Structures are given as structure tokens and as C-alpha cells.
1. What is the distance, in nm, between label points placed 7 Å from the Cα along the Cα-to-Cβ direction at Asp348 and at Gln57?
2. What does the charge count near Val382 come to, summing +1 for each Lys or Arg and -1 for each Asp or Glu among other residues with Cβ under 10 Å from its Cβ?
3. Percent of Cα-Cα pairs more than 16 Å apart in region 365-469, please.
4. For the residue pair Asp446 and Glu86, what label-to-label distance in nm results when each label sits 7 Å from Cα along the Cα-to-beta-carbon direction?
5. Hey, if you put +1 on the Cβ of every Lys and Arg and -1 on every Asp and Glu Cβ in the chain, which of Asn460, Leu20, Ile395 ends up farthest toward the positive end of that dipole?
6. Tell me the Kirkwood radius of region 307-429: reciprocal of the mean inverse pair distance over distinct alpha-carbon atoms, in Å.
7. Given the DSSP H assignment, sum -39500 (n - 2.57) over each helix run of at least 4 residues in the chain and divide by its residue total; what's the result at 222 nm in deg cm²/dmol, nearest 500?
8. Can you run phi through the Karplus equation (6.51, -1.76, 1.60; θ = phi - 60°) for region 227-233 and list ³J(HN,Hα) in whole Hz, with x for Gly and Pro?
Amino acid sequence: MTDFLLNRQPVTLATTDPDLTVLDFLREQAHLTGTKEGCASGDCGACTIVVGEPTEQGMRYRSLNSCITFVHSLHGKQLLTVEHLEQEGALHPVQQALVDHHGSQCGFCTPGFVMSLFALYHSDVQPSRDAVLTALSGNLCRCTGYRPIIDAGMALLEARHGDAFSAQMTDIEAELRSLGTPVLPEETKPDQSVGFWQPKNREELARAKARSPRARYTAGSTDLALEKTQRLANLNALIDLSQVAELNHLSVDAEGLHIGAAVSYTELEPVLLADYPEAREWLERLGSRPIRNRGTLGGNLGNASPIGDTPPLLIALNATVTLSNGQSERTLPVSELITGYRQTVLADDEWIDTIHIPRRTPGSLFRAYKISKRFEDDISTVCAVFYLETDKNDIVTCLRTGFGGLAATPLQLTDWQEPLIGEHWPALAVNDLSRTLAEALAPIDDVRASARYRVQVTANLFKRFHLETTQPDARTRVHGHGGSAHA
Ligand SMILES: Cc1cc2nc3c(=O)[nH]c(=O)nc-3n(C[C@H](O)[C@H](O)[C@H](O)COP(=O)(O)OP(=O)(O)OC[C@H]3O[C@@H](n4cnc5c(N)ncnc54)[C@H](O)[C@@H]3O)c2cc1C
Ligand code: FES
Ligand code: FES
């Protein structure tokens, strides 16, 4: 059984329809049709909802795409839609701000914008245009134009003073905490083929997988749910990793960052950017805010897509990944995890458990570039990541690369990069090197971009990295040898 609150109303659902999306539940079962379906693939934001969950710091409200969120993942949470915002006949401040600023015309996109702004209203971000743009990064509008909507968001942030939801939070938190624990596959039935299970720890996870060996793992479902909505697949048996305590663990020590595979990008953001601030734009362009609220590193590595953005970064940063089956574990470089188009070395009973990113060497230089058609919420045509260490004479002591969108698997150009060790970085013959880099590539040629374009762009990105790291201020940073040098 799955138990959650639909605003204040308790809902109990049998898990007989494991891949039912929140959107289908809302429109077809709860008959709440304010939440719209545009693309059914996480791209347009018409279906945005807000989910509240109790955390150690109290209730936390996040925007999600209901079209690609499985309803059973809501166990123990509060689901809010546009219908719930109006209180005692009065518009919520978010809705009022959109009215005041003329932020709606045909109105199809409006419920989604309202819910994204509602999540922003209940966040602790400082008012800024960037904060509004990030909150709205997953919402498309085809007729209003964005300026009035952004104006509404700005006005709202500057005048936040709590709402009816703020007043109810303590009660809601207590109610959510009292909901029962979700079911696991039954001890008595060996091979269970239909169900949605939410193990709470590694041991329960291993047992669930043993009892339902054909079950698919899901964490944020921002990739897997598209198999249902776009390819009409039936996902009859799902093991949700999002509540496994160990996979949600995020820690930093002298060795580096240790990131549980089910930690969302939004949770990862402050920790990753503390060590690698140059990754900010790359991270802000990975999906949109609602996608990052759900998507995980485990899911990005697990789908082994050639256009995934995290493998190039993890490979260039020399990250390792621990795989586990609950009994034993093994740790390998991320570069060895993905073996072919959507293929990994994972055994049937294994899952991706933790990703380890080493602490960076003081003074190192690093860039993560993403080329795509839309600024946010778009997959990469090319993703290129470069990591460089030099000695005090600017001699290269370490150069690592990671590329996505150029082959069936993420690439590291070891044969090209290794001869550069020992070279004087500022004096490199960059034009010659970008030509040899281009010659080393045989990229895919598809509807997103031609092979020729991908080669040219990648070679140009190397030139850009060289230019950016040989500017006077960057060279100061090479010699800086201090944490602040990474700013
Ligand atoms: C609108 C939109 C925009 C997107 N933009 C980007 C983008 O810019 N860059 C990008 O790289 N991706 C993007 N994606 C793809 C997706 O969001 C990411 O790949 C995300 O990291 C997937 O994580 P998840 O937790 O949602 O995975 P899920 O969908 O839950 O799972 C994905 C796959 O990995 C498997 N899996 C999940 N966790 C584990 C684990 N711990 N161990 C083993 N297998 C596991 C699942 O079985 C499944 O096969 C986008 C998707 C959408 C819908
Ligand atoms: S319907 Fe477009 S994001 Fe969900
Ligand atoms: S108001 Fe028509 S799509 Fe936004």
C-alpha cells in the first residue's frame, strides 16, 4: 500500500499499478484536471506539481514533473496541485502575483508556472532574478512571453510573508510521519513480478531484489518513466531506491565527496559546487529545477546513455563508483562502468551504491562545457570536461578529459591527453592539438547534430579551455595552491 496526503486528504493506493504516474492519478482517478499534460516527457512543465516531505529541518516543498513521477513514490509525502492553493476563496499570493503582472494568456501553462513559483515561495533562496529563472527553468510558455511571469516571481519573492501552508506545516509533518511503512516483496512468494517496493536500507533492498529479480530499479524516474510515457512499456515491477538510507548519504572527508547513488542533483549542488564551483553552469543546465529535484547520479550512470552529462565530468575528475549487492561490493573507476551503448558492468543483483569524487588538488584548473540547443532542460549535443594540474613552471603534471555525445559511450581521450604531460601549458601548439583531437574522434551523426559539427565544437572547446586557463588571472590561480583559488 502507498499512503500519502493529497493536500490534507489521506490517500491509500494498492500497488497493483506500479507505473501509474502522478499525472494520470490526478487527472483520471482524483479528477483534478488543473494539472495539464503537454509533452509527457518532463520537457514543458505543464504538469508541474509540488511535493512536500518531512526532513530533519522540517517540511520541504519541491517542484516535480508529475508526468514522469510514479505515484507510489509519494508514500509518506504530501501532494499539492494548483487546485489546493486557493484558500477560503482567495487566490494564493503566487496566483495573485501572476494576475497583477499579466502573467497568463491562454493559461495552459499557467498551473505549471504557479506550482514552480509556489515551490520557490516556500524555499529559502534569497530574492534574485537568477533564483526566479532557475525556479522556472522547467516551464515553457508559448504565448505570454516570459517577462511578466518573471516580474511576478520577483515581486512575490520580495513580498514573502507566509501563507496558510506555512501555518499548517507542523500538523502536516506529524501526519506524514505517522503514515505506515511501505510494502516490500513478500517473504513467502519467491519471484514476484508485479509491485512497487520502497526498501529503507541496503538489507531490505537486497532482499527485495532477491524476491523480485526482474524488478527494475528507479530513483528519480526522470529517465525510466519515459519508457512508459514515450514507448508505452509496462513497468510492472519497480524497486524505488529513493528511500534507501545508505543511497541517500552524502559526505565529504579528506579523500573527497562520497555521494549516495539516490542523492538528487538539488541535494548534491551545494556540496559539489563547494569543491568545483566551475561546474555551476554545467549543473544548472542539467535538466531543469524539477528534473534536478528528482534526478540522481545513480540514474544517470545506470542508464549508461552516450549523452549523459555526468559520466564526462566524473571521468575527468577521476571519480570511482562502488557497486553493491548487499553482500559484497566492488569499487572501480567510472570510466570502466559503462561498456557499450546503454550497457554497464553491473551484475543482475548489483546496484550503483556510492560515487566518490576525489578532493581536487589545490591550484588545479577545471571546466565543464555543455553545448545544446536549449539553455536548460536539453540534452547535450556535446559535453566536454577538462581537468588540468601544472607545476609552478606551468608544466603539465596531469590532464584529464571526459566527453559525452561523441560516441556510443562517454569518452576519455587517453592517447591524446597523455603525451601532453611534461609540456609547457601556455606554450602548447593549440591549433595543432585541436586538429589531432578532432582526428581522434569519430562521433555520432544524428538529428541533433552532424558528426562534422560535433568534431568542430569539441576542438573549439579545447581551444577555449586553453584560452581560459592561460589568461593572466587563471595562471595566478594555477600557482595559487589554495582552496579559494578555485573561485
Ligand atoms: C526533461 C529532461 C531533461 C533531462 N536533461 C538531462 C540533462 O541535461 N543531462 C543528462 O545527463 N540527463 C538529462 N536527463 C535524463 C535524466 O534526468 C538523468 O539521466 C537522471 O540523472 C536520471 O536519474 P533518475 O534518478 O531519474 O533515474 P531513473 O529514471 O530512476 O533511472 C534511470 C535508469 O538507471 C537505473 N538506475 C537508477 N538508479 C540506479 C542505481 N543506483 N543502480 C543501478 N541502476 C540504477 C534504472 O533502472 C533506469 O534504468 C533529462 C531527462 C528529462 C526528462
Ligand atoms: S507534461 Fe510536459 S513536463 Fe510533464
Ligand atoms: S499562457 Fe499560453 S502557453 Fe503560457
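1. Using points 7 Å along Cα→Cβ, the separation is 4.3 nm.
2. Residues near Val382 contribute +3 overall.
3. Result: 56 percent of Cα pairs exceed 16 Å.
4. So the label points at Asp446 and Glu86 sit 4.4 nm apart.
5. Going by the Cα projections, it comes out as Asn460.
6. When all Cα pairs of region 307-429 are included, the Kirkwood radius is 15.8 Å.
7. On the way: 16 runs with 147 residues, N = 487.
Helix contribution divided over all residues of the chain: -8500 deg cm²/dmol.
8. Each residue's phi maps through the Karplus curve to give 4, 7, 6, 9, 10, 6, 6 Hz.
Values quoted throughout were computed directly from the atomic coordinates according to the rules given, and no laboratory measurement underlies them. All figures in this text were calculated on a predicted structure; none of them were measured in a lab. Every residue, glycine as well, gets a Cβ built from its backbone with ideal geometry; the counts of neighbours run over all protein chains shown.
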